[in-house]
Structure formats: structure tokens, C-alpha cells
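Before any comments, here is the structure.
What follows draws every value from the coordinates through simple rules; no lab data is involved. Since this is a predicted model, take the numbers as computed values, not measurements. Neighbour counts run over all protein chains shown; Cβ positions are idealised from the backbone, glycine included.
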Amino acid sequence: MQRYDVVIVGAGPAGLSAALVLGRSRKRVLLCDAGPPRNAKAAHMQGFVTRDGTPPPEFRRIGREQLQPYPNVEVRDTRVSSVDVLRPGFHVRLEDDAHVDARRVLLAVGVIDEVPELPGFRDLWGTSIVQCPYCHGWEVRDRPLGVLASEPAHLDLALFLTGWSRDLIVFAGTPLALTAEQRERLVRAGLKVEERPMRALHGTNGRLESVELADGARVAREVLFARPTQRLPEFVRRLGLELNEQGFVKVTEPFKETSVPGLHAAGDVTTMLQSAIVAASAGASAAYAMNHGLNQENVERVIAGEPWPT
Ligand SMILES: Cc1cc2nc3c(=O)[nH]c(=O)nc-3n(C[C@H](O)[C@H](O)[C@H](O)COP(=O)(O)OP(=O)(O)OC[C@H]3O[C@@H](n4cnc5c(N)ncnc54)[C@H](O)[C@@H]3O)c2cc1C
């Protein structure tokens, strides 16, 4: 049985960042990634200082390349299928039926977007159906935008988007029925409101051209902002961890420990504040905490008469 100081599940910005910190801290690390990344369809990753506009696969390539000087970090393209909590430590099962032990585990698995079953949606997701104005707002400034509003929070997103474009239509058919007050706020802010349900999205080569409504009418739009429901990966749900109010894995601040001691989580899986740089920062914070705990454990064992771990 192979034994690691830390198994990191997920090699996106959070996992890569944690692996770098732990590698430089001389910890024995296994970094597992099942791919593809959540932002696989996005051509560019915006808003990451020194990396603005970098294609996501290039970001990951550089992240892995910068782990190469640290032979104590092993990277495997494999899925983690379960994590058993042993107290102390963890037993981690991989999809190829291999299993390893770890003193700490970091969940850096991101989230899964439940893309709606609306014709055309999946093809346009990540190119001209997007979710985050910080990631994509600049590129679509002053363009004809739409917002798919299926819950009240999406109306706030629509109002917020006026910071990037004032040519905005809120599509608020089913399941959200607008109240008169909600409608009035949108209209007073200069937004148009469309309450006929959306039936399909049309575009070519990943570029949205129009939104089709239930009665067949088509409304020209270049970009649609939408917030698909997100869910946690199945093996994370099986862990039964405490969740926060938004349904993400609850962690302590600033060191990102979950409700299970020694099991940390960082990045999108913990927060609705989802961006690559925030995830990378969280991964580093979690790594500092894990490394600190491991060093403390090592020192206490030696003081108690045991040899230094190899
Ligand atoms: C379409 C789109 C465009 C975006 N554009 C931007 C942008 O321009 N700028 C920006 O800052 N942010 C952007 N984001 C958000 C950004 O991608 C995320 O906030 C960021 O990637 C989160 O990093 P993470 O490390 O938490 O998770 P992720 O990047 O999602 O990485 C998690 C990794 O874990 C792996 N994994 C999952 N389960 C397992 C398992 N069981 N075993 C092994 N591996 C597993 C996944 O395959 C994945 O590789 C975008 C998101 C989307 C959806």
C-alpha cells in the first residue's frame, strides 16, 4: 500500500496551487485528476493576474510543468472513486482499483454544472452562454446580452450586468413567474423583460444568434448569461460533510478544513465565489494548513521517541 502525506483530488487551479506549496514543503503528494476541467469549453481564462487570456489547457500545462522540479509530487490522470475516513488518516480508492493511504486529503474537485436540457444550450455553453461577468463581461461589453432568469437571484445578476452592457433582456419564463415589483425594478433600470418561456437557442460555430421563445418568436442576442444548477461530485456527497448555506462544502477560514479533521477542501467545491485565482489562493491556504499540521505531528512523534518519518 502506497502512503502519502497528502492526496489531492483535482488538478485545477486549487489542486495545482496546493501541490506546488506542498511540493516545496517536501511533502509526499499524490495529485489525481480525472479531467476534463469545468471550463473546458472556454477559449480563454480571464482575470488571473499575469495569466489574463491564457487558454485553460495551457494554464494547466504550465501548472504541471512547474511541479516537475519536485520529485516528491506524483501526478496521476485518474479518478478518485472514494475516500474513507480512518481517524487518523484516509484510505483513497482510485478508479483503476488501486488504493493508497494518506495522512491528509484535499478535495479540489470543483463542481458539476447541470446544463439545462434546452435545445442548443449545451453546444453554446462556455462560448456564448456564460455564467460570470468577471470572466467574460469585458469581452461582451455593450453587446446585446440576455440573462436566463430561473430564480430570483438571477434578477440581481441581470441588474449587476448593467455594469458591462445596457442592452439587456431578462428571459424570465418558467419556472420563475415575476412579481409586479420585480418586473418594475428591471424595467426602471432600463432592462427589457421577456416572459414567454425559452424554447431553444440558435447559433453557429459556438456563437449565439437568437433565442427562440415558446410561440416560435426569435429574439436576436449575442451572449446569454446563465447560472446552471451546480452539484457536488458523487463521492464528495457520500462523505456526508457539513455543507454551507449555498450547498457547498463548508470549510473553516482561512485554512479550509472541512467538518472532518485532516480533510480539507478548496476552490469551487466550497464557494459560489468561483474564479481561477480565488481557487488557486484557497488551494495555497489549505496547503499551508496541511503542511503545518504534518510538520507539527512529525515533531511531536520525534519528541516522543519515534524516528523522523522518511
Ligand atoms: C465556462 C466557464 C468559463 C470560465 N471562465 C473563467 C475565466 O475566464 N476566469 C476565471 O477566473 N474563472 C473562470 N471560470 C471559473 C473557473 O474555471 C473555476 O472557478 C476554477 O476552474 C475552479 O478551480 P478548481 O480547482 O476549484 O476546480 P476545477 O478547475 O473545476 O478543477 C477540478 C478538477 O477536479 C477534477 N475532478 C473532479 N472529480 C474528480 C475525481 N473524483 N477524481 C479526480 N479528479 C476529479 C476535475 O476533472 C477537474 O479537473 C469559468 C468557468 C466556466 C464553467
Expressed in nanometres to one decimal, the distance between label points 7 Å along Cα→Cβ at Ala180 and Thr78 is 6.3 nm
Cα→Cβ-extended label distance, 7 Å offset, between Ala189 and Arg87, nm: 4.7 nm
Which whole-Hz couplings ³J(HN,Hα) result when phi for each residue of region 201-208 is put into the Karplus expression 6.51 cos²θ - 1.76 cosθ + 1.60, θ = phi - 60°, listed in order with x for Gly and Pro? 10, 10, x, 10, 6, x, 10, 5
Any lysines whose Cα falls less than 30 Å from that of Lys250, other than same-chain ones fewer than 8 residues away, would be Lys27, Lys41
Relative contact order (%) - region 26-159, alpha-carbon pairs under 8 angstrom, separation at least six: 22 percent
Once label points are set 7 Å from the Cα along Cα→Cβ at both Arg143 and Val115, what is their separation, rounded to one decimal in nm? 1.8 nm
Grab the beta carbon distance between Glu95 and Ala214, set R0 = 41 Å, and tell me the FRET efficiency rounded to 0.05. 0.45
In degrees rounded to 10, the 0-90 angle between helix 56-65 Cα long axis and the longest Cα principal axis of the chain is 10 degrees
What value does the chain have for Rg/Rh, both radii from Cα atoms and Rh as Kirkwood defines it? 1.05
Under 5 Å between amide H atoms, partner at least 5 residues away or on a different chain: which partners does Tyr4 have, H built in plane at 1.01 Å? Asp101, Ala102, Arg103
Round to the nearest 10 and give me the degree value, 0 to 90, for the angle of helix 13-24's Cα axis relative to the longest principal axis of the chain. 20 degrees
Placing one equal point scatterer on each C-alpha of region 114-225 and summing with Debye, one gets log10 I(q)/I(0) at q = 0.12 Å⁻¹ equal to -0.36
